[in-house]
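Below is one structure, written out as structure tokens; comments come after it.
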Amino acid sequence: MLLHETFFFLPAGAYDPLDPNGNITIKWDVIQWTADGYVAVVSLYNYQQYRHIQAPPGWRLGWVWAKKEVIWAMTGGQATEQGDCSRFKASVLPHCCRRDPEVVDLLPGTPYNTQTANCCRGGVLASWAQDPSDAVASFQVSVGQAGSTNRTVKVPRNFTLLAPGPGYTCGAAKLVKPTKFMSQDGRRSTQAHMTWNVTCTYSQFLAQRSPTCCVSLSSFYNDTIVSCPACSCGCQNNNSSSTAAPGSCVEGSRRSPYLASVVNDPSKNSLAPLVQCTSHMCPVRVHWHVKVSYKEYWRVKITVTNFNYRMNYSQWNLVAQHPNFDNLTTIFSFNYRPLNPYGVINDTAMLWGIKYYNDLLMTAGPDGNVQSELLFRKEPSTFTFHKGWAFPRRVYFNGDNCVMPPPDAYPWLPNAASPRLSPSLLLPLVAAAWTAFAVLS
């Protein structure tokens, strides 16, 4: 039996076995009563270990009022539409009169008098493992026509979270114990008048019907380079230069006038992937290459390539599962953090770029890749190159599960070879094959 068979199919629902407690929690703290309502601080906490929200356009939070509430004013965020405020005759109109408002974050550089703590990052919400200080976003809202006591205030309904599209499902708001706030010197605490929480969980199937990444494999001991499975993320249209339908792609040089006109076409959805034409049609490919075997160590090279002409992946991250991560000794040019959702098993690693060096994966082209090498210590009781053991069990990019090749296609160790096979004779051949593969893919 192959080692990878039980890992090929993964659940598409909200439950993630590598991050079983991951969610985005929305906390609504009523901190002050007003003449006809209240002032509240609304915070988004991203408790997901490796799934973040990037800009553009960032997160978008919506709900439905239980009564006829309006938003008089906001800081740290803004409603996308004011709505119909014609029933108000005063010179100062509410910020938003919609029964179903949608709120977005403010952009960096917003004037200080319209800011709050943890705001104004353009909707960026980092993952908890990657940067917990930026995994929180907040805005302040002054609500009118809402009632000004604990008994008259009604909790909003039907919360939605777009990031930027669907993918998150939010439960009902639940009243919880009021939040306590500590003073800066830690000697005094105050508390909210009311607090309710909303929990939102992610489903890759809801976010997009097609996968967004795939995995290819190679090794020094076999000249076979296993490409991503054909049509991993879609199949090419008959007219490969068209971008009107799902699965469309573009061929040609990054500097070609045609490509530039398609990428910058304002009539097209700027968030829809526009990928380079490949057999797999994925926006992102992760390549795992078993590079060298030493006496007591072995080395892997990981290359992440962006085939999407419309997307720079800021604060990207990669999650890989392999039993030898408990003996990882050195990693070059990536940050690393072990993920141990079940405490006793250390077989999952989260990797991401170094800030200002390679934390931005550029659009498709010569600069659209990042790479690193990992050095593992061999554990004599478990280490082997047989039956695909040296390859990852599963790979995630930006929190989405990547399509793996079928196990029977993995590079196999030659029958006469041993686990300590010297790579010196095979390295030139594999290097040449990999160069050809990179050009053709």
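The values are calculated or read from the model by the stated rules, or taken from the named source; none is laboratory data. Everything numeric here is computed off the predicted structure, so don't read it as measured data. Please note: Cβ atoms are built from the backbone with ideal geometry, for glycine as well, and neighbour counts cover all protein chains shown. Surface accessibility is based on the protein's heavy atoms, side chains included, excluding ligands, DNA and RNA. Shrake-Rupley method; radii C 1.70, N 1.55, O 1.52, S 1.80 Å.
Taking Cα pairs under 8 Å and at least six residues apart, what relative contact order does the range 23-206 come out at, in percent?
Values: 483 pairs, mean separation 57.0, N = 184.
For the range 23-206, the relative contact order is 31 percent.
Sorted by average packing, counted as other Cβ atoms within 10 angstrom per residue and highest first, what order do 395-403, 294-302 take?
The most tightly packed comes first, giving 395-403, 294-302.
Between Y112 and S333, what is the label-to-label distance in nm when each label sits 7 Å out along the Cα-to-Cβ direction?
So the label points at Y112 and S333 sit 4.1 nm apart.
Give me the percent of the accessible area of the range 23-206 that comes from carbon and sulfur atoms, probe 1.4 Å, all protein chains in place. Display every interim value, and only then the final one.
Details: 4680 of 8880 Å².
Carbon and sulfur atoms account for 53 percent of the accessible area of the range 23-206.
Could you tally the net charge around E296, taking each other residue with its Cβ under 9 Å from the Cβ of E296, Lys/Arg +1 and Asp/Glu -1?
Details: positive: K295, R377, K378; negative: none.
Net of charged neighbours comes to +3.
With a probe of 1.4 Å, find how much accessible area the range 148-237 has per residue, and write the answer as a whole number in Å².
On the way: 4880 Å² over 90 residues.
So the range 148-237 comes to 54 Å² accessible per residue, rounded to a whole number.
How big is the shadow of the Cα convex hull of the range 23-206, averaged over all directions, in nm²?
Average projection, Cα convex hull of the range 23-206: 11.4 nm².
Need one number: nm distance between label points at T160 and L271, each 7 Å from Cα along Cα→Cβ, rounded to one decimal.
1.1 nm
How high is the FRET efficiency from K177 to D223, r the C-beta distance, R0 60 Å, rounded to 0.05?
Numbers: r = 63 Å, r/R0 = 1.05.
It comes to 0.45.
Calculate the FRET efficiency for K68 and T382 from the Cβ-Cβ distance with a Förster distance of 51 Å, rounded to the nearest 0.05.
0.20
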